[in-house]
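To start, the structure under review is shown below, and the notes come after it.
The values are calculated or read from the model by the stated rules, or taken from the named source; none is laboratory data. All values reported here derive from a predicted model rather than from experimental measurement. Cβ sites come from the backbone with ideal geometry, for glycine too, and all protein chains shown count toward neighbours.
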């Protein structure tokens, strides 16, 4: 991580610790007031605890043109993204994805689509029902199992490096429970106040970002549960796809896809309208690529379901599988990994708050 960035973050955090005007805001400020000195690991922890709600910036009397030039949301965003790249494995691809995220995601989708078409041409299509008429179950598993497991393995290495850097130590069950509760309610996206945060407009409190994130989180979890239930039905109960509408994969997947599409579209709009000077401009491409990719995954899945039995299925199936594969292949290097870091930071904060 950049020494200059860490020093600037330390300077601003020490000023905030002396001022304490924002003590009632999000979890970052109570965490700041528990210390008088801040090591590099402490700053990294605070940066990953920050949810960029921006209320502190608009309330601060020391922002520019004051000589202190406080911009805590921006400097913590820079430290946060630097930490993701520093702990990523391997590091080189992570930095490239930040600069060219949309282009890399698009290229990966095209390459994966070509791979899927090739795999389909080499097998005996038409021998299965539903999607298996275009690609066999064996081929799907052979392609997607490694693409799911390996990124989780590399992300695990990254989080372990982070946990060691911030001095996380042993995890108590009650700390994990408290962190998961805060994640489920998106408490820190309220800016520490129930009326919401100032992400969209400095003069207006809004819970829009909090609700949009909840749509994305719960939509993603429902889609994941739908896939998991289909796996159980296939391997445990010997019930093979395609499944009817009143089956677990469909009852979980359709609402999940609708929530994920709506939430990501909402987040794209919020990101485009928000003040870019309070975020890390270096990673705007990678940040937007992640949300657009999530939108493409959910929307293509819904379109694929709607097109069942039509000539559009082969193309939509290929595109949907390509977006899913790209999403997981880029997991350790895109903003997808921020959820793991935020959870780790919130567990660490729960330990320190006792």
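Looking at the stretch 251-303, which of its residues are crowded, with 21+ Cβ neighbours inside 10 Å and over 23 Å from residue 337 (Cβ atoms)?
253
In the stretch 124-143, how many are surrounded by 14 or more Cβ atoms within 10 Å (Cβ to Cβ) and either modelled with pLDDT of 80 or more or assigned to a loop (DSSP other than H, G, I, E, B) (or both)?
The total comes to 5.
Would it be correct to say that residue 6 is surrounded by fewer than 22 Cβ atoms within 10 Å (Cβ to Cβ), under 25 Å from the mean Cα position of the chain (by Cα) and touching a residue at least 12 places away in the same chain (Cβ under 8 Å)?
yes
Among the residues of the stretch 152-167, what is the count of those that are within 21 Å of residue 349 (Cβ to Cβ), touching a residue at least 60 places away in the same chain (Cβ under 8 Å) and part of a helix (DSSP H, G or I)?
Looking only at that region, the number is 7.
Looking only at the stretch 229-250, count every residue that is free of Cβ contacts under 8 Å to residues at least 12 places away in the same chain and either under 15 Å from residue 301 (Cβ atoms) or surrounded by 18 or more Cβ atoms within 10 Å (Cβ to Cβ) (or both) and tell me the total.
1
Collect the residues in the stretch 12-27 that are part of a helix (DSSP H, G or I) and free of Cβ contacts under 8 Å to residues at least 60 places away in the same chain, keeping them in residue-number order.
Within the stretch 12-27, 13, 14, 15, 16, 17, 18, 19 meet the criteria.
Which condition breaks for residue 225 when tested against (1) under 15 Å from the mean Cα position of the chain (by Cα); (2) surrounded by fewer than 17 Cβ atoms within 10 Å (Cβ to Cβ)?
Here residue 225 clears every test but (1).
Filter the stretch 155-200 down to residues that are touching a strand residue (DSSP E or B) at 6+ places or on another chain (Cβ under 6 Å) and at positive phi and give me whichever is modelled with the highest pLDDT.
The qualifying residue modelled with the highest pLDDT is 196.
Just to verify a result, which residue in the stretch 329-343, among those that are within 14 Å of residue 156 (Cβ to Cβ) and part of a helix (DSSP H, G or I), is farthest from the chain's Cα centre (by Cα)?
Residue satisfying both the conditions and the ranking: 343.
Picking from 303, 325, which residue would you name as being outside the structural domain of residue 52 (by TED's automatic domain parsing), in a helix (DSSP H, G or I) and free of Cβ contacts under 8 Å to residues at least 24 places away in the same chain?
Testing whether each residue is outside the structural domain of residue 52 (by TED's automatic domain parsing), in a helix (DSSP H, G or I) and free of Cβ contacts under 8 Å to residues at least 24 places away in the same chain leaves just 303.
Write out, first by first residue and then by second, each pair whose Cβ atoms fall under 6 Å of each other, whose residues are 6+ apart or on separate chains, and whose first residue, in the stretch 28-51, is in the same structural domain as residue 17 (by TED's automatic domain parsing) while the second is not in a helix (DSSP H, G or I).
Correct list of pairs: 28/50; 29/22; 29/23; 41/166; 41/167; 44/166; 45/166; 49/27.
Going by what's in this entry, would residue 152 be described as modelled with pLDDT under 65, farther than 20 Å from residue 316 by Cβ and in the same structural domain as residue 325 (by TED's automatic domain parsing)?
The answer is no for residue 152.
Could you tell me whether residue 36 is exposed (fewer than 15 other Cβ atoms within 10 Å of the Cβ) and either farther than 22 Å from residue 189 by Cα or touching a helix residue (DSSP H, G or I) at 6+ places or on another chain (Cβ under 9 Å) (or both)?
Judged against the criteria, residue 36 is a match.
Just wondering, is there one or more residues in the stretch 53-71 that are part of a helix (DSSP H, G or I), modelled with pLDDT of 95 or more and within 26 Å of residue 87 (Cα to Cα)?
no
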